[in-house]
Amino acid sequence: MKEKILIIEDDPKISRLIEIELKFEGYEVSFAYDGKEGLNSAKYNSYDLIILDLMLPKMNGIEVCKRIREFSEVPIIMLTAKDEISDKVVGLDYGADDYMTKPFSNEELIARIKALIRRTKKRNNQEEFVYEDLKINYSTYEVFRGETLISLSKREFELLDYLVLNKGIVLSRDKILENVWGFEYIGNDNILDLYIKYLRDKIDKPYERKFIQTVRGLGFIFK
């Protein structure tokens, strides 16, 4: 069965170029040309991934992403013509899994799509991770330390997930960026420091036992 991808993009030329590549790779493609249409399509249909433009008529991409996350955990790649780090962080905080800045190569887009779908399928086959007093529930996207529920954004959850899946292994900055932010991530890697801080403030700071450690000159490790 073909995997289904929804493109929410108001520029028909961009949509058409993406469609050609996706169909060549064997995906089934649907379209929406404004935010409201895209939200309704995501709500009443089943997709394996959504490509979502940031600047849309009727409802912007941030709001569409936020509302989709109220009923679905479908992977979302956000497209933006803006290169400001704040726009990217906002999009990720509202539930986008990855972002790409226009113009982008179709080869990189396809690689990120494949990585996201593969990662989502892998997670769906695992119900729970438990280590000492930390518990991650993959069916509800809930994280606990002891009996305390910890609220994480989508990106914080993805980062924690990647760290715990590689428990005891030192992960380089480039490897984390590639696997959590997307294939061959190109951008300011200060975003990783920002999200490590967010995660530590929630997962480690209030507790005596610290899980996320820095290995100077090499990267980070969960141990």
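Laid out as a table, the results:
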quantity	calculated
Contacts under 7 angstrom Cβ, first residue in the range 159-176 being over 14 Å from residue 138 (Cα atoms) and open to solvent by 10 Å² or more (accessible area, probe 1.4 Å), partner among the acidic types (Asp, Glu) and at pLDDT below 85, 6 or more apart	173/189
Selection from the range 120-167 of residues that are touching a Lys or Arg at 6+ places or on another chain (Cβ under 6 Å) and either of a type in the set (A, V, I, L, M) or modelled with pLDDT of 85 or more (or both)	133, 134, 144, 150
Counted residues, the range 2-35 - those being of a type in the set (A, V, I, L, M), farther than 12 Å from residue 106 by Cα and open to solvent by 80 Å² or more (accessible area, probe 1.4 Å)	0
Check on residue 60, surrounded by 14 or more Cβ atoms within 10 Å (Cβ to Cβ) and either over 19 Å from residue 112 (Cα atoms) or under 21 Å from the mean Cα position of the chain (by Cα) (or both)	yes
Residue list for the range 71-81, filter: at pLDDT below 90 and more than 18 Å from residue 108 (Cβ to Cβ)	73
All positions within the range 189-223 that are of a type in the set (Asp, Glu), open to solvent by less than 70 Å² (accessible area, probe 1.4 Å) and not in a helix (DSSP H, G or I)	189, 204
From the options 156, 178, residue that is within 23 Å of residue 104 (Cβ to Cβ) and either within 19 Å of the chain's Cα centre (by Cα) or assigned to a loop (DSSP other than H, G, I, E, B) (or both)	178
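The values are calculated or read from the model by the stated rules, or taken from the named source; none is laboratory data. Quantities reported herein were computed from a predicted structural model and do not represent experimental measurements. Ideal geometry is used to build each Cβ from the backbone, glycine not excepted, and the neighbour counts take in all protein chains shown. Heavy atoms of the whole protein, side chains included, go into the accessibility calculation; ligands, DNA and RNA do not. Shrake-Rupley method; radii C 1.70, N 1.55, O 1.52, S 1.80 Å.
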